[in-house]
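Heads up, the thing below is written out as structure tokens.
The values are calculated or read from the model by the stated rules, or taken from the named source; none is laboratory data. Because the structure is a prediction, the values reported are computed rather than measured. Positions of Cβ are backbone-derived with ideal geometry, glycine not excepted, and every protein chain shown enters the neighbour counts.
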Amino acid sequence: MPAKGRISLLLLLSPIAASAGEVHFKITRLVLERDEIPGIGLVTSVNNLVVNNAGQWIVELDTDHPDPNADVLLLRDGVVYLREGQAIDPPPATISSFDSVTLNSAGDSAFNFFLDGTGGLNNDSGVYFNTNLLIQESDLVNLPEFSPSTPYIGFFDVKINDAGRLLLMASIDDPNIPTSVDRALILLDSDGGNETVILKEGDVPPGQTEQVADFLTGPHATAINDLGQCIYAVDLTGDTAADIAVYVDHVLVAQEGLPSGVDGRNWSTLGSAKVDLTNTGNYVISGGLAGDAATNLVIVSRTGKVVQEGDTFGDIAPWKVTGFGSGPVLMSDREHVLWWGDWDDPDTGRDTGLFLGDKLLIQEGVTVINGRTVATVRGIEDGYKISRNGRFIICELELFDETFGLLEGAFLLEFCLGDVNLDGFVDQIDLGIMLATFGKCPGQDGYIAAANLDNADPCITQSDLGVLLSQFGTTCD
């Protein structure tokens, strides 16, 4: 493509398949370094990204625009949506920088922006539903769980579900909590109302004798599903060998020093845990196990181990998994787990990749996209996301170009509608799986989440069968 080629969503539609035809999807280049954003400049890097059930997407980009206060933007479905320096409530504020980037199935977003032009440093951030200001730093919390005149003093992260509920990791300053910066996990509606405190610093969670000293505040240390259920990790006072615990709502699901469900081994460290929660009630957690240091890193779900350091499987055999990077661990409602992995191939130019379960989707040094080899699969905090329905994955890759060297970009992976087993065909095999699990709901024997094809309830119903039959006989290419 030309060095300054305009963005085109259809510029690349390349069928990619794993060996033996096991997983098929198409990949679309959304935006690439050196692409031109008309009137602004050339793309220089990708900072964040998200995709929803309809394949709508947002990518946060940096550009070479000469004004450093106006060079970063959010590109939504190929169109500039928001930009640093743009006016936003409350007047005369402008956007200073972006933090959380979210997108639900209705096309709505929850953001926490840093602001310029607010007249101070104690009110220069806010929580937004799309571009509507809900809470500004220094606003009073006004909830019975907190002392009167308790202000919001910052925001770590905000998420949104398909019901329009927001999950907010907030910093507050309650005079009755000893520390000067206190933390609370709060649910609220998209109009800012119906605020509910899930847990706050100083509370004693169920099953504990120690208070909450803090929460894990990273962007992948919390999640919310469409039912309003939340998963999160708390840091307790007391024994540091058992002070990190993971909860779904108020149910303890993991804690340092307690069994992990893997080979009789206990959790050793959850201080950097990544978590996710589905509408089926399943969840994933990454962390460290006590015992053998060569097999201590693990990703588990509610039902058991997903993958562990030291594992090997078809797509990387005979090599063994050595780590999971700093990226998220994500699970769709079809209960496919998206993760980044490193393995011990002595050829370090081809020893990392992006996985869905045990299937290698994109491999550095091997996968070729439109004539360019993938040089880096970004296993970083904002390197990849999966839509709730599991049909779309958005990821950040670096490609090697013979003229320009490494080019960073955002790419969309799309699986075929109705393809239960992801083999590239909607056929009798898919129908057989669907019929075998028809009428089942999560938790029932015989439930197969991969057959959850609609965007409605997680049970396998006529709606899911209808999606499959509407595509029956098609080939995914």
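Some points to look at:
- Residue in the range 127-142 that is under 19 Å from ALA233 (Cα atoms) and in contact with a Gly (Cβ under 7 Å, 6 or more places away or on another chain) present: no
- Boolean, ILE177 is in a strand (DSSP E or B) and crowded, with 18+ Cβ neighbours inside 10 Å: no
- Number of residues in the range 409-425 that are at negative phi and out of contact with any strand residue (DSSP E or B) (no Cβ under 8 Å at 6 or more places or on another chain): the value is 3.
- Taking every residue in the range 50-76 that is within 23 Å of ILE160 (Cα to Cα) and touching a residue at least 12 places away in the same chain (Cβ under 8 Å) and pairing it with any residue that is small (Gly, Ala, Ser) and not in a loop (DSSP other than H, G, I, E, B), at least 6 positions away or on another chain, the pairs with Cβ-Cβ distances below 6 Å are VAL59/ALA410.
- Hits in the range 286-330 (condition: under 18 Å from LEU360 (Cα atoms), part of a loop (DSSP other than H, G, I, E, B) and among the charged types (D, E, K, R)): GLU309, ASP311, ASP315, LYS320
- For GLY202, the test of being part of a loop (DSSP other than H, G, I, E, B), crowded, with 16+ Cβ neighbours inside 10 Å and either out of contact with any helix residue (DSSP H, G or I) (no Cβ under 9 Å at 6 or more places or on another chain) or modelled with pLDDT under 95 (or both) is passed.
- Single residue of the range 341-361 satisfying the filter (without any contact (Cβ under 8 Å) to a residue 60 or more places away in the chain and hydrophobic (A, V, I, L, M, F, W, C)) that is nearest to THR312 (Cα to Cα): TRP343
- Test: residue in the range 45-64 that is in a loop (DSSP other than H, G, I, E, B), among the charged types (D, E, K, R) and more than 21 Å from the chain's Cα centre (by Cα): yes
Residue-wise test of (1) assigned to a loop (DSSP other than H, G, I, E, B); (2) without any contact (Cβ under 8 Å) to a residue 40 or more places away in the chain.
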{"site": "ALA241", "(1), (2)": "yes, yes"}
{"site": "TYR247", "(1), (2)": "no, no"}
{"site": "LEU252", "(1), (2)": "no, no"}
{"site": "GLY257", "(1), (2)": "yes, yes"}
{"site": "GLY261", "(1), (2)": "no, no"}
{"site": "SER268", "(1), (2)": "no, yes"}
{"site": "GLY271", "(1), (2)": "yes, no"}
{"site": "THR280", "(1), (2)": "yes, no"}
{"site": "VAL284", "(1), (2)": "no, no"}
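- Among the residues of the range 63-101, those identified as of a type in the set (A, V, I, L, M, F, W, C) and surrounded by 15 or more Cβ atoms within 10 Å (Cβ to Cβ) are ALA70, VAL72, LEU73, LEU74, LEU75, VAL80, LEU82, ILE88, ALA93, ILE95, PHE98, VAL101.
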